[in-house]
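Take a look at the structure set out below.
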């Protein structure tokens with residue numbers, strides 16, 4: 001079952017972590033995006049006239065004016081490219097810009113989880129620390145974690161594993177100091193990939 005929460009003149013899916021319990025499915029899981037694999041983003045625009053938006057903006061250290069978003073996220077792209085150089089060079093991760101000025105960090109299945117497991121590989125922990133550090137340091141972004149399953153098992157088992165993996169990463173980031181309202185989890189809605197990939201989408205928070 002899917003749910004959405006309209007706020008003022010725009011659907012602010014970025015607020016879903018405080019309106020839905022962790023692990024509940026919304027338009028794209030508990031995430032701030034829809035169709036993340038295709039880069040179709042929603043919810044980056046926050047209506048500052050709505051009181052409910054204050055908690056999100058406060059946790060993120062503010063929101064970005066429209067004209068500043070591109071420059072801000074270009075700089076965060078540079079930060080992540082530098083911080084994740086070892087993982088990128090080893091073929092374990094890649095960082096890319098998505099439409100809407102969001103950033104995607106994709107980890108290979110082998111680097112993030114063992115086959116059939118939702119336990120994070122110890123070698124993946126430093127990578128998450130780097131990503132969480134960038135979000136905490138610069139603010140004005142949310143993280144949506146997208147989990148993907150292995151090719152084994154039936155569709156229901158794959159969906160369960162994907163969600164468990166996303167939730168495991170979400171909880172790890174929260175444990176590292178990322179504020180819970182800023183990080184959410186989803187499985188792979190409408191995505192056919194079963195390679196165990198883990199993706200983190202950093203979405204800028206824009207005020208209107």
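The values are calculated or read from the model by the stated rules, or taken from the named source; none is laboratory data. A quick note: this is a predicted structure, and the numbers were derived from the prediction, not measured. Note that we place each Cβ from the backbone using ideal geometry, even for glycine, and neighbour counts take in every protein chain shown.
In table form, for the structure just shown:
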read-out: Those residues of the stretch 33-48 which are closer than 30 Å to residue 108 by Cβ and either at pLDDT 60 or above or in contact with a strand residue (DSSP E or B) (Cβ under 8 Å, 6 or more places away or on another chain) (or both), in sequence order; value: 33, 34, 36, 37, 39, 40, 41, 42, 43, 44
read-out: Filtered residues of the stretch 105-126 (kept if in contact with a strand residue (DSSP E or B) (Cβ under 6 Å, 6 or more places away or on another chain) and crowded, with 20+ Cβ neighbours inside 10 Å); value: 105, 107, 112
read-out: Test: residue in the stretch 73-81 that is crowded, with 18+ Cβ neighbours inside 10 Å and outside any helix (DSSP H, G or I); value: no
read-out: Selection count, the stretch 174-203, where residues are farther than 28 Å from residue 152 by Cβ and either without any contact (Cβ under 8 Å) to a residue 12 or more places away in the chain or part of a loop (DSSP other than H, G, I, E, B) (or both); value: 6
read-out: Of all residues making up the stretch 54-85, the number that are within 14 Å of residue 130 (Cβ to Cβ) and touching a helix residue (DSSP H, G or I) at 6+ places or on another chain (Cβ under 9 Å); value: 6
read-out: Odd one out for residue 137, checked against (1) in contact with a helix residue (DSSP H, G or I) (Cβ under 7 Å, 6 or more places away or on another chain); (2) within 28 Å of residue 72 (Cβ to Cβ); value: (1)
read-out: Check on residue 115, touching a helix residue (DSSP H, G or I) at 6+ places or on another chain (Cβ under 9 Å) and free of Cβ contacts under 8 Å to residues at least 24 places away in the same chain; value: no
read-out: Qualifying residue in the stretch 148-167 (condition: surrounded by 24 or more Cβ atoms within 10 Å (Cβ to Cβ), touching a residue at least 12 places away in the same chain (Cβ under 8 Å) and in contact with a helix residue (DSSP H, G or I) (Cβ under 6 Å, 6 or more places away or on another chain)); value: yes
read-out: The stretch 131-147 - residue that is buried (at least 18 other Cβ atoms within 10 Å of the Cβ) and part of a helix (DSSP H, G or I) and, of those, farthest from the chain's Cα centre (by Cα); value: 134
read-out: Residues being in contact with a strand residue (DSSP E or B) (Cβ under 8 Å, 6 or more places away or on another chain), part of a loop (DSSP other than H, G, I, E, B) and at pLDDT 70 or above - total across the stretch 49-67; value: 3
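Here's the yes/no breakdown for (1) more than 18 Å from the chain's Cα centre (by Cα); (2) assigned to a helix (DSSP H, G or I); (3) at pLDDT 95 or above; (4) closer than 27 Å to residue 68 by Cα:
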position: 91; (1), (2), (3), (4): yes, no, no, no
position: 96; (1), (2), (3), (4): no, no, yes, yes
position: 105; (1), (2), (3), (4): no, no, yes, yes
position: 115; (1), (2), (3), (4): yes, no, no, no
position: 123; (1), (2), (3), (4): yes, yes, no, no
position: 129; (1), (2), (3), (4): no, yes, yes, yes
